[in-house]
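Below: one structure, written as structure tokens.
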Amino acid sequence: MPAEEMGKLSDRTPLIFAVSSVVFLAVLAISPVKDFRREWKQYKRSYVRFAQTRPDTKKLLADYRPDIDQIWLPGMNVVDRCTTCHQGITQASLSDNAVPQPFRAHPRIPHNIRDWGCTVCHRGQGPATEVAEAHESTLAWEQPILPTRFIQASCGACHYADLPQTPQLTKGRELLAELNCQGCHRLPGIERPAMLGPDLTNVGTKVSREWIYKWLKEPRTILDKDGNVTVNGYETEEEPRMPKFRLTETELRGLSGYLSVQKAKAFVPYKIDARVVAAWSKNPELISQGELRFRQMFCSTCHSLAVTRAGETKLIGGDIGPELTKVGSKVNFDWLITWLRDPQGYLPHTRMPRYGWSDEDLYKVTQYIATKLADSDLLVNVPQLGQPTEDEIQLGRRLFLEKGCASCHVIEGLNPQRDFGPDLSAIGGKNASELEFGAAKIPHNLVSYIQAKLQDPVSVNPAARMPQYNWNQADLDAITTALLSMKGPLPSSALQDLVVPRKEVAFHPTGAFAEVYERYKCYTCHKFNGYGGDLAPDLTYEGSRAQRQWIVDFLKNPQTLRPTLILRMPQFNMSDKDAATLADYMTMVLQHPAANPAAIDARQLTPAMAALGKQLYEVKYQCQSCHTIGASGGYVGPNLNNAGGWLTPAWVEAWLRNPQALIPDTIEPRRNFTEDEVRALTAYLMTLRQTIKPQKTTGAAASHTPTHGAGR
């Protein structure tokens with residue numbers, strides 16, 4: 001290099017060095033500025049400023065540190081820095097809604113937030129220190145924060161049992177079971193009953209091909225002849241268990257044809273005694289008497305009927321069995337008679353109890369159903385289908401399997417299908433990249449996917465076999481919550497140790513009681529040792545509560561103990577032998593250790609005690625505010641007119657001392673009665689007796705000699 005150029009370069013060296021130094025200093029200056037302006041540090045400083053405006057500043061800043069807060073749970077593989085920004089999360093004084101986020105205190109929960117952190121429940125990226133990275137999906141993290149309205153799903157990840165604090169989660173689990181989702185999907189914690197949908201092995205003897213066609217076309221509701229939705233026609237107002245499939249006309253004809261020929265078991269109709277038919281067939285009171293017996297037997301406890309009041313049609317009654325408003329136009333009349341007489345003869349595992357029908361009652365009730373619970377125009381718009389061809393039957397059989405019908409319905413000769421749909425046991429832990437969104441224009445996250453799949457399955461997968469449901473928003477969110485709680489096997493032993501399993505309940509009676517218990521399906525409405533329904537009182541300790549003779553009388557002639565209740569115990573026309581069998585078992589086996597009926601001798605309860613008890617009942621404690629005696633009193637608690645003929649003295653005494661010890665969720669208040677007051681009140685209640693009169697139909701009915709069928 002020439003000396004002249006070397007001189008020029010050496011002249012520029014100081015300038016280059018000066019410029020480089022300035023750039024280096026600028027870079028050094030930017031770094032602390034960027035660090036100073038980090039999002040989490042800004043929240044920290046904002047919290048200090050906010051705390052200084054509060055009267056309890058010292059308390060709010062007592063454990064404040066200017067650096068990153070971190071909760072480390074190595075056993076759960078959790079690193080959680082959320083409290084770096086959410087500084088006031090445990091400060092009770094910051095729970096008011098006026099406190100700005102992220103400084104507001106967390107609502108009270110059973111868990112200590114400082115021990116558990118936030119992401120265990122809320123999800124999101126725990127190690128992140130910026131809001132977008134912590135709350136949202138990124139290329140490196142696909143588990144965004146869980147929307148607040150689905151937060152109960154996190155409880156379900158550990159709590160397999162239902163919690164009173166998680167009603168939405170509980171509702172979602174109930175819907176998954178009620179809608180038979182476990183028929184096609186593997187769903188942890190959702191039990192698969194013996195029968196999901198009706199057994200269709202002999203459906204051809206029950207309904208016509210035309211009715212099947214209409215039901216398959218629109219199972220949500222049965223329309224009238226003008227296409228107006230007046231009543232649901234079969235199910236309740238809520239989402240029916242039978243969803244709507246996307247069926248073409250050809251498929252409707254094929255399936256209806258195939259089902260209409262399902263008559264595997266020879267159908268032998270029951271013949272009502274000719275003398276009963278001759279005595280009642282021309283009686284002008286036949287239908288009204290049938291309606292009276294229908295109501296007296298409280299069929300509406302399990303079945304609903306459409307009732308129109310003030311121009312508005314509503315369904316009134318229970319939802320254990322199907323709605324009956326138009327059942328007279330649905331089922332064949334001979335089938336109806338045979339079914340009512342012996343439901344288990346047609347369907348061995350049905351929940352319908354077997355009544356002790358007389359032929360007279362059976363004739364009157366079936367005539368009422370066929371005449372009044374019917375719609376002659378129900379099938380007007382259904383094409384005349386006639387007998388199906390062999391091609392239609394074969395098409396229907398193939399569709400029955402392809403559409404997944406066999407996952408819920410049994411047909412003799414067809415193998416039941418299991419896991420027809422995808423396994424959903426870990427759906428709540430899926431990343432967005434594992435899901436199929438198709439052409440759906442929805443946010444690519446798990447919540448949006450689940451809700452789109454539930455509302456319109458083909459929107460995310462045009463080849464989806466899942467049928468169409470119609471959801472209201474509350475039910476949609478409840479099901480979504482339940483599915484989000486299903487995250488699969490917990491990844492660590494520490495998390496697995498936190499699982500609270502669902503309590504397994506079972507009741508396995510034996511002997512004569514078991515046969516009667518099963519015939520009348522007592523468990524459908526009543527609980528026994530935690531197993532059964534919740535429509536009627538829990539009978540786990542009925543032997544301690546009720547006297548044997550009262551149980552017998554009640555079973556033969558049920559009376560209401562709570563006049564305000566709409567749903568009542570049906571009248572089964574139970575035989576003396578069956579009533580005695582049930583009563584004997586209850587009094588011997590269904591006992592509470594705190595109320596032994598043999599421990600108290602009622603003869604020790606004197607008239608003087610009863611007189612004092614009456615004063616305590618009416619004046620000091622004013623029990624008549626909730627209970628009725630005679631013609632006066634409240635309706636909150638049970639009627640006590642026959643307390644002395646109903647309750648055992650041991651139960652009354654134990655109840656007065658501590659009602660919650662006998663029934664934990666009772667609303668009866670616990671009073672601090674003295675022992676003398678307990679004994680006096682018991683003595684008074686034991687004096688209350690009332691004769692129970694059997695129900696009668698009418699004088700006209702009594703004029704005919706009843707002829708009993710084999711169902712007695």
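The values are calculated or read from the model by the stated rules, or taken from the named source; none is laboratory data. The structure displayed is predicted, hence computed values, not measured ones. Backbone-built Cβ (ideal geometry, glycine too); neighbour counts: all protein chains shown. All accessible areas refer to the heavy atoms of the entire protein, side chains included, with ligands and DNA or RNA removed. Shrake-Rupley method; radii C 1.70, N 1.55, O 1.52, S 1.80 Å.
Please verify whether residue 441 is touching a Gly at 6+ places or on another chain (Cβ under 7 Å), open to solvent by 40 Å² or more (accessible area, probe 1.4 Å) and assigned to a loop (DSSP other than H, G, I, E, B), treating the condition exactly as stated.
Taking the combined requirement at face value, the residue does not satisfy it.
Being within 24 Å of residue 532 (Cα to Cα) and open to solvent by 30 Å² or more (accessible area, probe 1.4 Å) is the requirement here; does residue 354 meet it?
yes
For the range 329-352, indicate whether the set of residues that are polar (S, T, N, Q), under 28 Å from residue 258 (Cα atoms) and under 30 Å from the mean Cα position of the chain (by Cα) is non-empty.
yes
Are any residues in the range 257-266 open to solvent by less than 30 Å² (accessible area, probe 1.4 Å) and either closer than 29 Å to residue 558 by Cα or not in a helix (DSSP H, G or I) (or both), and if so, which ones?
Across the range 257-266, the qualifying residue is only 262.
Which of the helices (runs of 4 or more DSSP H) contained wholly in the range 81-184 include at least 2 residues that are charged (D, E, K, R) and within 18 Å of residue 450 (Cβ to Cβ)?
Qualifying helices (runs of 4 or more DSSP H): 167-178.
Working only within the range 357-380, note down all residues that are in contact with a Gly (Cβ under 7 Å, 6 or more places away or on another chain), part of a loop (DSSP other than H, G, I, E, B), of a type in the set (A, V, I, L, M) and open to solvent by less than 20 Å² (accessible area, probe 1.4 Å).
373
Go through the range 167-213 and give me each residue that's within 12 Å of the chain's Cα centre (by Cα), under 28 Å from residue 328 (Cβ atoms) and either open to solvent by 40 Å² or more (accessible area, probe 1.4 Å) or modelled with pLDDT of 90 or more (or both).
178
One line per residue, one yes/no per condition, for (1) aliphatic (A, V, I, L, M); (2) out of contact with any strand residue (DSSP E or B) (no Cβ under 9 Å at 6 or more places or on another chain):
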position	(1), (2)
494	yes, no
504	no, yes
509	no, no
519	no, yes
527	no, yes
530	no, yes
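Residue check, residue 406 against (1) touching a Pro at 6+ places or on another chain (Cβ under 7 Å); (2) open to solvent by 30 Å² or more (accessible area, probe 1.4 Å), all met but one. Which one?
If we test residue 406 against (1) touching a Pro at 6+ places or on another chain (Cβ under 7 Å); (2) open to solvent by 30 Å² or more (accessible area, probe 1.4 Å), just (2) comes out false.
Do we have residue 10 as farther than 24 Å from residue 126 by Cα, at pLDDT 90 or above and of a type in the set (S, T, N, Q) here?
The answer is no for residue 10.
If the requirement is being touching a residue at least 60 places away in the same chain (Cβ under 8 Å), under 29 Å from the mean Cα position of the chain (by Cα) and either surrounded by 16 or more Cβ atoms within 10 Å (Cβ to Cβ) or farther than 30 Å from residue 179 by Cβ (or both), which of these qualifies: 317, 254, 321?
Result: 317 is the single residue among 317, 254, 321 that is touching a residue at least 60 places away in the same chain (Cβ under 8 Å), under 29 Å from the mean Cα position of the chain (by Cα) and either surrounded by 16 or more Cβ atoms within 10 Å (Cβ to Cβ) or farther than 30 Å from residue 179 by Cβ (or both).
Pick out, from the range 611-697, the helices (runs of 4 or more DSSP H) lying fully within it that include 3 or more residues that are assigned by TED's automatic domain parsing to the domain that holds residue 542, on the phi < 0 side of the Ramachandran plot and surrounded by fewer than 19 Cβ atoms within 10 Å (Cβ to Cβ).
Values: elements: 643-646, 649-657, 659-662, 675-685.
Fully inside the range 611-697 and qualifying: 659-662, 675-685.
Give the residue, chosen from 550, 471, that is among the aromatic types (Phe, Trp, Tyr), assigned to a loop (DSSP other than H, G, I, E, B) and open to solvent by less than 70 Å² (accessible area, probe 1.4 Å).
Details: 550 fails: assigned to a loop (DSSP other than H, G, I, E, B).
One residue alone meets the criteria, 471.
Restricting the search to the range 444-468, which residues are part of a helix (DSSP H, G or I), in contact (Cβ under 8 Å) with a residue 24 or more places away in the chain and among the polar types (S, T, N, Q)?
451
May I ask you to say which residue of 57, 83, 53 is out of contact with any Phe, Trp or Tyr (no Cβ under 9 Å at 6 or more places or on another chain), exposed (fewer than 10 other Cβ atoms within 10 Å of the Cβ) and at pLDDT 90 or above?
Selected residue: 53, the only one of 57, 83, 53 that is out of contact with any Phe, Trp or Tyr (no Cβ under 9 Å at 6 or more places or on another chain), exposed (fewer than 10 other Cβ atoms within 10 Å of the Cβ) and at pLDDT 90 or above.
Is it true that residue 34 is within 26 Å of residue 133 (Cβ to Cβ), open to solvent by 80 Å² or more (accessible area, probe 1.4 Å) and modelled with pLDDT under 70?
When the stated conditions are applied, residue 34 passes them.
Checking the condition modelled with pLDDT under 90 and under 20 Å from residue 569 (Cα atoms), which residue from 322, 353, 343 passes? Walk me through how you get there before you give the answer.
Values: 353 fails: modelled with pLDDT under 90; 343 fails: modelled with pLDDT under 90.
On inspection, the qualifying residue turns out to be 322.
Before we move on, is residue 132 touching a Ser or Thr at 6+ places or on another chain (Cβ under 9 Å), more than 30 Å from residue 383 (Cβ to Cβ) and without any contact (Cβ under 8 Å) to a residue 40 or more places away in the chain?
yes
Go through the range 114-146 and report how many residues are within 23 Å of residue 490 (Cβ to Cβ), of a type in the set (D, E, K, R) and in contact with a strand residue (DSSP E or B) (Cβ under 9 Å, 6 or more places away or on another chain).
3
Name the single residue that is nearest to residue 270 (Cα to Cα) among those in the range 287-314 being of a type in the set (S, T, N, Q), over 27 Å from the mean Cα position of the chain (by Cα) and open to solvent by less than 50 Å² (accessible area, probe 1.4 Å).
That would be 289.
When the residues of the range 535-546 are filtered to those that are out of contact with any Cys (no Cβ under 8 Å at 6 or more places or on another chain) and surrounded by fewer than 20 Cβ atoms within 10 Å (Cβ to Cβ), which remaining residue is modelled with the highest pLDDT?
Once the filter is applied, the top-ranked residue is 538.
Identify the single condition in (1) touching a residue at least 12 places away in the same chain (Cβ under 8 Å); (2) under 22 Å from residue 257 (Cα atoms) that residue 390 does not satisfy, given that it satisfies every other one.
(1)
Looking only at the range 586-605, count every residue that is open to solvent by 50 Å² or more (accessible area, probe 1.4 Å) and in contact with a helix residue (DSSP H, G or I) (Cβ under 7 Å, 6 or more places away or on another chain) and tell me the total.
Residues meeting the conditions: 7.
Quick grid of which residues meet (1) of a type in the set (Lys, Arg); (2) closer than 25 Å to residue 663 by Cβ; (3) open to solvent by 70 Å² or more (accessible area, probe 1.4 Å):
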| position | (1), (2), (3) |
| --- | --- |
| 482 | no, no, no |
| 485 | no, no, no |
| 495 | no, no, no |
| 503 | yes, yes, yes |
| 508 | no, yes, yes |
| 511 | no, no, no |
| 522 | no, yes, no |
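Looking at the range 209-221, can you tell me whether even one residue there is closer than 15 Å to residue 483 by Cα, part of a loop (DSSP other than H, G, I, E, B) and among the basic types (Lys, Arg)?
no
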